[in-house]
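Student: Shown below is the structure under consideration.
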């Protein structure tokens, strides 16, 4: 059946345009497109493979849109990746929906036996085992208290199961994950700004690093933890990160110039 008869449109023609839940997008013909569909993030495209990212679901020979937003595409880095790469929907949703592999900042709300309950800003809390820390054993338990900030990643995240977090990578190393220091400031921004700040070679972070030395942790759930030398510098960095979403590059340059003069 032709695309015009089914209401489906070629995916390549819709890149950069608004798509709505229920839209069906036809994938370009590709020798390796049949069969496996990988549910990975937008940056994890494999050479020659088509990757179904957030906001899309595999549907026969095409993709079913599950979120409203702009359709995005990123080419795979390998040879022969002309029709490969990743497709995902760039949406401005307010509530975070856990995605497997996402790194998030959570708040410990409960200790129940061998499990910690962690608030990640989603519709339900995530579970975190005390063994999901580097070097943790039955005798050597991590020092985690209610109210602590946890930086970890999801290993289980779907609509039918409770989200599950860990603070170790596939090699059993912390790799920067675990309990975040009690000092510093935690604040929330939009999910769109988080994706912008996590982009490779983000100019905002580079310009901020020239003003003050600071530590920062970004969570895909819209939470940011930042710590500078003084409380004043910490607040300045936090305010700039919050305001930069709606600032043009020229406005941002002027703001940084004023701070430098001080």
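The values are calculated or read from the model by the stated rules, or taken from the named source; none is laboratory data. The shown structure was predicted, so the numbers you read here are calculated from the model rather than taken from an experiment. Heads up, the Cβs are rebuilt from the backbone with ideal geometry, glycines too, and the neighbour counts pull from every protein chain shown.
Student: Determine if the range 114-123 includes at least one residue that is modelled with pLDDT of 95 or more, within 22 Å of the chain's Cα centre (by Cα), in a strand (DSSP E or B) and over 30 Å from residue 228 (Cβ atoms).
Tutor: Yes, that holds for at least one residue.
Student: Tell me yes or no: at least one residue of the range 223-246 is assigned to a helix (DSSP H, G or I) and at pLDDT below 85.
Tutor: As a first pass, look at the range 223-246 and keep what is assigned to a helix (DSSP H, G or I): 231-246.
This time we only want the ones that are at pLDDT below 85, so: 245-246.
The answer is yes; a qualifying residue exists.
Student: Next up: Could you list all residues from the range 210-221 that are exposed (fewer than 14 other Cβ atoms within 10 Å of the Cβ) and either over 24 Å from residue 178 (Cα atoms) or touching a helix residue (DSSP H, G or I) at 6+ places or on another chain (Cβ under 8 Å) (or both)?
Tutor: Listed by number, the list holds a single entry, 210.
Each row is one residue, and each column tells you yes or no for (1) crowded, with 17+ Cβ neighbours inside 10 Å; (2) touching a helix residue (DSSP H, G or I) at 6+ places or on another chain (Cβ under 8 Å); (3) under 23 Å from residue 71 (Cα atoms); (4) in contact (Cβ under 8 Å) with a residue 60 or more places away in the chain.
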| residue | (1), (2), (3), (4) |
| --- | --- |
| 109 | no, no, no, no |
| 112 | no, no, no, no |
| 121 | yes, no, no, yes |
| 133 | yes, no, no, no |
| 141 | no, no, no, no |
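Student: Does residue 206 meet the test of being within 21 Å of the chain's Cα centre (by Cα), part of a helix (DSSP H, G or I) and more than 23 Å from residue 122 (Cα to Cα)? Walk me through it before giving the result.
Tutor: Values: within 21 Å of the chain's Cα centre (by Cα): yes; part of a helix (DSSP H, G or I): yes; more than 23 Å from residue 122 (Cα to Cα): yes.
Against the criterion (within 21 Å of the chain's Cα centre (by Cα), part of a helix (DSSP H, G or I) and more than 23 Å from residue 122 (Cα to Cα)), residue 206 qualifies.
Student: Could you tell me whether the range 146-161 includes any residue that is under 28 Å from residue 232 (Cα atoms), in a strand (DSSP E or B), more than 18 Å from the chain's Cα centre (by Cα) and touching a residue at least 40 places away in the same chain (Cβ under 8 Å)?
Tutor: Checking the range 146-161: not a single residue is under 28 Å from residue 232 (Cα atoms), in a strand (DSSP E or B), more than 18 Å from the chain's Cα centre (by Cα) and touching a residue at least 40 places away in the same chain (Cβ under 8 Å).
Student: Please enumerate the residues belonging to the range 209-222 that are within 19 Å of residue 104 (Cα to Cα) and in a loop (DSSP other than H, G, I, E, B).
Tutor: Listed by number, the residues that qualify are 219, 220, 221, 222.
Student: Something else: What tally of residues in the range 162-175 results from selecting those that are touching a strand residue (DSSP E or B) at 6+ places or on another chain (Cβ under 7 Å), surrounded by fewer than 19 Cβ atoms within 10 Å (Cβ to Cβ) and in a loop (DSSP other than H, G, I, E, B)?
Tutor: 0
Student: Let me ask another. Sort out which residues of the range 222-261 are in contact (Cβ under 8 Å) with a residue 60 or more places away in the chain and touching a helix residue (DSSP H, G or I) at 6+ places or on another chain (Cβ under 8 Å), and write them in order of number. Let's see the steps before the verdict.
Tutor: As a first pass, look at the range 222-261 and keep what is in contact (Cβ under 8 Å) with a residue 60 or more places away in the chain: 222-225.
If the condition is that a residue be in contact (Cβ under 8 Å) with a residue 60 or more places away in the chain and touching a helix residue (DSSP H, G or I) at 6+ places or on another chain (Cβ under 8 Å), then 222, 224 are the ones that fit.
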